[in-house]
Amino acid sequence: MKEKFVHNKGLSKEAYKLIDKEIAKYPPAQKKSAVIAALAIAQREHGFVNRELEKEIAGYLEMEEISVHEILTFYNMFNKEGTGKFKISVCTNLPCALRNSRYTVDFLKELLGVDVGGTTKDGLFTLLEGECFGACADAPVLLVNNHQMHSWMDRVKCEKLISELKEERLVENGRP
C-alpha cells in the first residue's frame with residue numbers, strides 16, 4: 001500500500017478530513033475525481049488556491065500538477081489570488097447583457113470605487129465579471145462569494161446589497 005501523502009503547512013488536518021470524505025465517494029482508483037471538491041475545500045480554508053496548494057492537492061490525489069492547474073483555471077469559481085471578503089461576480093453573458101448587466105457593473109463600480117478586477121481599499125469587496133450562472137430569466141444576476149445569487153439587480157438593489165454586506169462586516173468585527 002502506498003504511503004499516505006503527508007500535508008505541509010498548506011491545508012489543515014480538518015481540510016484533509018473533508019477531502020477524504022470526498023475521495024470516499026469514488027472507487028479507490030478514481031480518487032482524482034474529488035479534485036473539484038478538494039479545490040473548493042482549499043479555497044474555503046485559504047480564500048484562494050495558489051500554486052503551492054495546487055501542488056499539495058495534486059500530490060494528495062496522486063495527479064499531475066498540470067491537471068489540477070487546468071481544472072483550477074478552467075472554472076471561474078476558483079480564486080487564484082486573494083480577493084475581498086465579498087467577491088461580487090456579475091454575469092455579463094448575452095442574456096444578462098440584454099437585460100442591462102453592463103449597467104449593474106457600472107453601478108457597482110461607482111458604489112465601490114473600483115474597476116472590474118479590483119478590490120476596495122478596505123479589503124471588503126472585489127468586483128468581477130462572470131460567465132453564465134444559469135439564471136437567465138432573473139437577469140441581470142450576480143453572485144456573492146460563489147454561493148449567494150441575487151436577481152434583477154438594478155441600482156436600488158445594488159445599493160441595498162452593498163449596504164447589507166457592509167453591515168454584516170461591522171457586526172462581525174464587533175463594531176456598532
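The values are calculated or read from the model by the stated rules, or taken from the named source; none is laboratory data. Just so we're clear, the structure is a prediction, and the values are computed from it rather than from any experiment. Note that we place each Cβ from the backbone using ideal geometry, even for glycine, and neighbour counts take in every protein chain shown.
Of note:
- Leu112 passes every criterion in (1) modelled with pLDDT under 95; (2) buried (at least 18 other Cβ atoms within 10 Å of the Cβ) apart from (1).
- Taken as a whole, segment 58-72 holds at least one residue that is under 30 Å from Cys136 (Cβ atoms), of a type in the set (A, V, I, L, M, F, W, C) and either crowded, with 16+ Cβ neighbours inside 10 Å or touching a residue at least 40 places away in the same chain (Cβ under 8 Å) (or both).
- Residue in segment 97-106 that is out of contact with any strand residue (DSSP E or B) (no Cβ under 6 Å at 6 or more places or on another chain), under 27 Å from Leu142 (Cβ atoms) and either in contact (Cβ under 8 Å) with a residue 60 or more places away in the chain or not in a helix (DSSP H, G or I) (or both) present: yes
- Pairing residues of segment 134-157 that are surrounded by 15 or more Cβ atoms within 10 Å (Cβ to Cβ) with residues that are small (Gly, Ala, Ser), at Cβ distances under 6 Å and at least 6 apart in sequence or on separate chains, gives Asp138/Ser151; Pro140/Ser101; Val141/Ala135; Val141/Ser151; Leu143/Ser89.
- Selected residue [of a type in the set (Lys, Arg) and touching a residue at least 60 places away in the same chain (Cβ under 8 Å)] from Lys31, Lys85, Lys80: Lys85
- Test result for Glu22, buried (at least 18 other Cβ atoms within 10 Å of the Cβ), part of a helix (DSSP H, G or I) and touching a His at 6+ places or on another chain (Cβ under 8 Å): no
- Candidates are the residues of segment 122-165 that are assigned to a helix (DSSP H, G or I) and charged (D, E, K, R); the one that is farthest from Leu111 (Cα to Cα) is Asp138.
- Any hit, segment 58-70, residues being more than 23 Å from Leu161 (Cβ to Cβ), of a type in the set (Val, Ile, Thr) and in contact with a Leu (Cβ under 7 Å, 6 or more places away or on another chain): no
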